[in-house]
1. Of A:Q255, C:I129, B:S7, which is farthest along the charge dipole of the protein assembly as shown in the positive direction, counting Lys and Arg as +1 and Asp and Glu as -1 at C-beta?
2. According to the Kirkwood expression over distinct Cα-Cα pairs, how big is the hydrodynamic radius of the protein assembly as shown, in Å?
3. What FRET efficiency do you get for C:R262 and C:L201 if R0 is 22 Å and r is their Cβ-Cβ distance, rounded to the nearest 0.05?
4. If you restrict to DSSP beta bridges whose two residues both lie in chain E, what percentage is antiparallel, to the nearest 5?
5. In debye, nearest 20: dipole of the protein assembly as shown around its Cα centre with unit charges on the Cβ of K, R (+) and D, E (-)?
6. Any idea what diffusion coefficient region E:94-206 gets from Stokes-Einstein, in µm²/s, Kirkwood Rh on alpha carbon pairs, 25 °C, 0.890 mPa s?
7. Just going by the charge dipole of region C:68-271, with Lys and Arg at +1 and Asp and Glu at -1 on Cβ, which of C:I147, C:L233, C:F115 is farthest out on the positive end?
8. Of the GluC sites (Glu not before Pro) in region B:57-106, which ones lie in a loop per DSSP and count no more than 13 other C-beta atoms within 10 Å?
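The values are calculated or read from the model by the stated rules, or taken from the named source; none is laboratory data. It should be emphasised that the depicted structure is a prediction, and the values quoted were computed from it without experimental measurement. Note that we place each Cβ from the backbone using ideal geometry, even for glycine, and neighbour counts take in every protein chain shown. With ligands, DNA and RNA removed, areas are computed over all heavy atoms of the protein, side chains included. Shrake-Rupley method; radii C 1.70, N 1.55, O 1.52, S 1.80 Å.
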Amino acid sequence: MSQPILSARNLYKDYGDTCVLERLNVDIYPGEFITVVGASGCGKSTFLKLILGTEQASRGELLMDNQPIIHEPDEQRGIVFQRYSVFPHLSALDNVMLADELSHSRLLGKCFGKHRQQILKRASDMLAKVGLSHALNRYPHELSGGMQQRLAIAQALMKKPRVLLLDEPFGALDPGIRADMHKLIHELWHQQQLTIFMVTHDIAEGFKLGSRLWVFDKVRHDPQAPERFGAQITYDLSLSQSSTLKQSELATIQQTIHQGEPSNE
Amino acid sequence: MSQPILSARNLYKDYGDTCVLERLNVDIYPGEFITVVGASGCGKSTFLKLILGTEQASRGELLMDNQPIIHEPDEQRGIVFQRYSVFPHLSALDNVMLADELSHSRLLGKCFGKHRQQILKRASDMLAKVGLSHALNRYPHELSGGMQQRLAIAQALMKKPRVLLLDEPFGALDPGIRADMHKLIHELWHQQQLTIFMVTHDIAEGFKLGSRLWVFDKVRHDPQAPERFGAQITYDLSLSQSSTLKQSELATIQQTIHQGEPSNE
Amino acid sequence: MTRLINRKPDRASRLLLGLLPFIIIVALYLITSQSRLAINPHDKLLPSFESIYHAIYQMAFVPSRRTGHYLLWNDTLSSLKLLFMGVGISALVGLIVGIINGAIPLFRAPLSPLFTAFSLIPPMAILPILFIVFGLGDLAKVMLIVIGVAPLLVRDMQLKTLSLPQEQLIKAQTLGASSWQIILRVMLPQVLPRLIEAVRLTLGSAWLFLIAAEAIAATSGLGYRIFLVRRYLDMAVILPYVVWITFLAFLMDWILKRISLRAFPWYASLNGSSNT
Amino acid sequence: MTRLINRKPDRASRLLLGLLPFIIIVALYLITSQSRLAINPHDKLLPSFESIYHAIYQMAFVPSRRTGHYLLWNDTLSSLKLLFMGVGISALVGLIVGIINGAIPLFRAPLSPLFTAFSLIPPMAILPILFIVFGLGDLAKVMLIVIGVAPLLVRDMQLKTLSLPQEQLIKAQTLGASSWQIILRVMLPQVLPRLIEAVRLTLGSAWLFLIAAEAIAATSGLGYRIFLVRRYLDMAVILPYVVWITFLAFLMDWILKRISLRAFPWYASLNGSSNT
Amino acid sequence: KPTFNIAWSIYAGWMPWEYAQQSGILKKWADKYNIKINLTQVNDYIESINQYTAGKFAGCVMTNMDALTIPAASGIDSSAIIVGDYSDGNDGIVLKGKKSLRDIKGQRVNLVSLSVSEYLLARALQFQGLSEKDVTLVNTSDSDIVSSFQSPDVTAAVTWNPMLNVIKSQPGAHEVFSSHMIPGEILDLMVVKTNILKKHPELGKALTGAWYETMKVMHSDSKQGIAARTAMAKASGTDLANYDQQLKTTHMFYTAQEALKETTSPRLKETMSLIARFSYDHGLLGDGAPSAGYIGIQTPAGVYGDKGNIKFRFDPTFMNLAASGKL
Ligand SMILES: Nc1ncnc2c1ncn2[C@@H]1O[C@H](COP(=O)(O)OP(=O)(O)OP(=O)(O)O)[C@@H](O)[C@H]1O
Ligand SMILES: Nc1ncnc2c1ncn2[C@@H]1O[C@H](COP(=O)(O)OP(=O)(O)OP(=O)(O)O)[C@@H](O)[C@H]1O
Ligand SMILES: [Mg+2]
Ligand SMILES: [Mg+2]
C-alpha cells in the first residue's frame, strides 16, 4: 500500500478541561472515502478542524505526508460545510472562478481579458460536471439547497485538493435531492481520484458512500465528570468487507449515533 | 361512513393571474390521516392555508361540517409548521400551557394559583406523552430540532383540534430523529383519534404514515403560459389498498415530486 | 367578526388613512394660527399660510438684497456640500477601519476599544475643542460630522465583518486566498451594502451635527438660516426650512435605498432588514 | 508564516494593545500641554494635570459657596433625571405605539407614515419651536429627547413586531388567542429585549439632545456647566466633564446590556446582534 | 396672589437680579405688594426674549435694540421700566495682530449676527467711512466665540463681556473699538408687557424697589457689598476680580436719579432712531415694515416713528417713584 496521506499519532484534543478526542492513532491513505458517524457533540467536526488546520492538537501529532500538518487552511485541503460554503455576493460562475482568479492575480484577486476567458472556460466545465450549466449567472440565493451544495463542491474541486473534507454536506437537504447528491459525489470521487473525509449523521449514507467507515464514541465514562474522557474511533470498518458485519454490531452503531440526540434522553 | 369533516367543492385558488389550484372536489372524513406529496411550488401549502383560513378560495367553496369554513385560524384547526411553531420566549412548559391560559384568562392570558396548577398538570402530562418530561423548563433554543417539533405537536394537541395540519413538520430533521417522530405521530393519531392532514416532500414518509395519500400535480400544461393552469389531485390512494399499486405508478409519483426541484432541470 | 390583527385596509383606504394625520395637523395649525392672528396681527409665532408662502417666495425666488443670492438654494447647496463631505469621509473611514478591525485581530486589539470610547463621547460636548483644533471654517463642521458619525460606522462595519460566517473565511483560505485577497474579494463586497444601510441609519445624526455646527458659526446653510432668523422669531422662514430639511432627509434615504437594491441584488434576500 | 487574519494576540497582549492608544493620547496631551504652558503659563487651552485635578476636586468635593451643593454631583443628578425621563417616555411611547402599529394594520396605516415623517425631522432644527411650545423648564428638555428618540423607537418596535414569523401569529390564533392576547403574550415579550437594544442604540442621541437643550436653558446639568464655563474657556472643567459624560454613557450601555442578558436569556441565542 | 414670571440671562449688568433673588430682597418686595415673582434664569439670551415674546414671561431683561426687533416687531407692546446700565466698553471689537480699526477691512468678522454686536460694528465702520460690505460677517454663537478665537483662521471678533475680557487677554489680541466710544447707545433694560403693567402696576413697583435696593448693597465697598458681588461673580461662572473688571466697563446706574437722567434726556430718542434705522436696514423689523419708523417708540422726550403703532415705551414712572422714595 502507498504512503498514508494523513496520520494521527497519539492525538488528543482538549478544550480547557473538556477532553474531546482521546489518543487517536490512525492512518488515511490516498483515494480512501472515509465516512464518519457518531453521536452529536462527540468530536467529529473537531477532528475535521484538526485536519483543516483551524484547530491544533493538544497532545500528539497529526501528520500530512509524514510532515506536521500546516496549522492554517490551505489549497491542499478542500472543504464543504453544511451551510455558508459559497459566497452569497458572487454568481455561481464567479464562485467557481474565484480560486483561479486568486492564484493568477495576487494583488486584485480578479482577472481580465484572456486570462479571464481561460478561467471562465475551466469554471464552466466544472459547473457542467456538477450539473449546473443552466445556472451559471444565478446568485446563490436563487439556487435551491441542493444546487448550492453542488456549487460548493465544484468550487472546492477547482483547486484539485489532495483531501476533500465534507462536514454533513447533505444534512440540510431533502431525501430526494440527497440521493442525487450521493450519485454525484460518488462519481466525482471515482473520476477525480479524490481522498474524501466525510462527516455524516445518516448511517445509511455512511455505509452507502464510504470505502471505510469510522464510528466515534467515548470508550470510558466518568459519571461524575462526563467531560473527563474524550471520544475514540470505536469502529473502523473497511466497507468492502462490511457484509461480514454482524447484525448486532450494526444495531450497536445505530444506537451509538443516536445517543447524542437529546430527545432520546 | 360518517359525515365528511372537510369538503372542497369546485375549489379554485388564483394569485393574480397565476392559477395555483384548479377545480378541487374532495372530501375528508374524521379520523383520516391524509399525506400530501407533490412537486415544489405546486400548491400543497396553499391548500393547507385554505383549510387553516389564512387564505380564501378564489372560486368554489371549502366546507367544514358542511358549513363555509371560518376565514381565520381558530381552535378547531391545529397546525405544526416546519419551523417557528413554538414561542422562543416561553419555556417548554409555558409553551404548552399557553393554550389553556389563554382560554381561562381572557384579559391577561396568564393564570395564577389553583387554576395554574391544574393547567400545569395537564401540560406536563401532554409533554410526557411526547417524551419531553425531562425538558419542562428549557427554552426552545435549548432543545434540538426534533424536540422542538415534539413540543409544537404537544402544544397543538392541548386544544384538541378537530383537524391537525402539518406542513413538512419533519423536513428539517435528521433521518434518525425523523423515524422517532414517525412513531410518535402515528401513536398520537391512534390514541387521540385525530384527523391529520400532512404535507411532505418524502414520498416514503407519505406511504408509511398516512391512511390516504394525495398527489398534487398539474394535469394541463400551457407551454406559453405555465401559470395558466393550476394543480389538481392526480392520485388519491387509500393506503390500506396500496399494495395493489403498480410499480410503474409508484415511479410516476416519484418523478412527479422531483420535477419541481430545480437542480434536476 | 375577524380579529383586529387580521383586518387589513385595502390600498385606497390605506392611502387615505395615511394622509389623515397630516391633514389633521395642517387643520389644527390653521385654526390656532388664525385665532392667534385675530388677537395680534403681528404675531410671528404661527404665521398664516400667506406669510409662509411669501417667505418661501422671498427666500427661493428673489435674490437677496445684500448678497444677490437666492438664499434657499444657496443655503441648501452649502449645507449639502458639508453634509456630503462629512458623511463621505465618515463612510470611508468606517469602511476602511471597520474592515481592518474586523479582519485582523492584531489591529482590532488596539483600535476597537479606541473607537468604542470615541463613539461614546457626545460630540456636542467637545465642540470648543473642535473649534480650537480645526478653526471655524467648513473643516470644523465636516469634522464634527465625522467625529459624530465615523466611530459608529467603524463599529458597525467591524461587527458586520466579524459576523461573516467563519466558514466563508476558511473556504477562501482553502481556495488559496491571502489575507489581503480575503479582505478585497470576500469581506469588502459583502460589507458594502451594510455600509449603505449604516449610512442611512446615521444620516439623521449627521444632519443634527451639521445643523448644530451651522448654528454656532457659519455664513450660510440651512441650520445657519434657522438659527439666524430665530433672532427675530421669524417662524414664516423657520417652518418651511424645517419641512425642506425633512424632505431632503427623506430624499437621501430613498436614493440610498434604491442604490443598494440596484447594486447589491443578492443582499436584500439575505437580509430582511434592508427594507428598513 | 500564518496569515495576518489568523494571528490572534493572547489575552494579555490584547489588553496591552487595547490600552496603548489611550496611553499615547495621554502622553501626547502632556507634551503639548507642557510646551504651551512653558510659553504662556496662563494658557487655559490645555491645562496641566494639576489644574485639572484641582478643578475636579473643586467641582466634586467642595460644596459650592453659593448654593452649598457639590456641583458635579448636582449637575450629574439633574442631567440624569432628565435623561431618564426623556428616554423612559420615549421607550414607553416606542413600545406601545410600535407594537400597536406592528400588530394592527388599521392603526399602522395612519400612524406609520406619521412617525416616519417625524423621525426624519432633525430635532435641532425645531429646537426654537420646542422651547416656545413647551417653555423653558424641564419639560422642553424632556420633550426634545422624546421628539428626537421616540419616532426612531416606534419605527424599530414596529419593524420588530412585523418581523415576528407569521407562523407564530397563526399558531397563537389556533390556540384561541384574541388580538389583545396575541399582543400581550406573543408580541410584547418578544419585542421587549429589542426595545432595550434600541434604547442602547439611541442613548447617544439622547445625550446629544440633552446637552444641546441644557446649553440653551438650564440652571444646572452637565451640558449647562460645559456651556457656562465655555465662555471662559475653562478647559480644566470641560475636559473632566467630557470624560465623565463618556463614562456615564458607557456605564448605562453596560447596565442595559446586563439587564437584557439576565432578563431575556432566550434572546441572545436567537439574535447574534444582542452582543453589539 | 397674582404670580408673574420674569426671565433673565447671564450678563454683568443683570447679575444683580440673581442676587436679589438669592438674598431674599426680591421676595421681600413682592410680599410688600402682595404678589409673587418667579425669576427664571435662561442660559441662552435670545431664547429668553423669544419666550417673552411667545407669552411665557411677563417680563424679561434685554437691550434696547432687541426690545425693538423682537417683541415690538412681533406686535407685543412692551415697556422698559428700569434702565439698568449702558455698555461702556462692555461690547468691543477685537482684532488679532492688528492694532487699528481700519485693518478690519476685508476680514471675516465673527459675531452674533443681528445683535448689538452687529450694531456696534456698523457704528464703528461708520466712523471709518466703511460699510458692512467691506467685511464678511460670520454668525458665531456667543458661547463659542471664545474657543473659536483660539483658532488661527479667526482674526476678528465682536462680542460682549465676559467673553470680551477673555478674548482681549489672548496674546496678540487688540481691542480696536468699544462701546465706550458710543456711550448710552446700548442700554440694558428690564422690559415688561405694557398690558400687564397697566393691570398690575404693583409688579413694576416691586421690581423697581428690589432693583434699587440691590443696587445700594452692591455699590458699597462694605463687607456686604463685596459678598454680594462675589455671589454675582460666582453665579456668572467667574471670580470677584474678573467681575469687578466687567463692572468697570458697565456704566451702572446705581441710583434711580442717574437712570432717570439718561431716560429723560432727548439723546435717548436719537439713539433709538439710529437703532430703528439699523434694524430696518437689516430687515429686523419684519418683511412687512414699510419704513424705519413703522414701529412707534415712546420716550419721555417724545415719540419716534408712527404714533399710531407704538409698541415700545420707555416708562419712567417707576424709576420716578423710586427716586422720590415713594415705593
Ligand atoms: N471552541 C470550542 N470551545 C470549547 N468547546 C468546544 C469548542 N468547539 C467544540 N467544543 C466542544 O467539543 C465537543 C465536540 O464538538 P464537535 O462540534 O466536534 O461535535 P460533532 O461531533 O461535530 O457534533 P455534531 O454532530 O453536533 O456536529 C462538543 O462537546 C463541543 O461542546
Ligand atoms: N402570497 C402569494 N402571492 C402570490 N403567489 C403565491 C403566494 N403564495 C404562494 N404563491 C405561489 O403559489 C404557488 C404554490 O405555493 P405553495 O407554497 O402552496 O407550494 P408548495 O406546494 O407548498 O411548495 P413547497 O413544496 O416548496 O412548499 C407557488 O408557485 C407560489 O409562487
Ligand atoms: Mg459537527
Ligand atoms: Mg410548502
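1. In the protein assembly as shown, that residue is C:I129.
2. Numbers: mean 1/r = 0.0269 Å⁻¹.
Computed over the protein assembly as shown, the radius equals 37.2 Å.
3. Working: r = 19 Å, r/R0 = 0.88.
Plugging the Cβ-Cβ distance into 1/(1 + (r/R0)^6) gives 0.70.
4. On the way: 28 of 48 bridges.
Just about 60 percent of them are antiparallel.
5. Details: 136 positive and 113 negative charges, 326 e Å.
So the dipole magnitude of the protein assembly as shown works out to roughly 1560 debye.
6. Details: Rh = 15.5 Å.
D, rounded to a whole number, is 158 µm²/s.
7. Value: C:F115.
8. Values: sites: B:E61, B:E75, B:E101; in loops: B:E75.
Passing both the DSSP loop test and the Cβ count: no residue.
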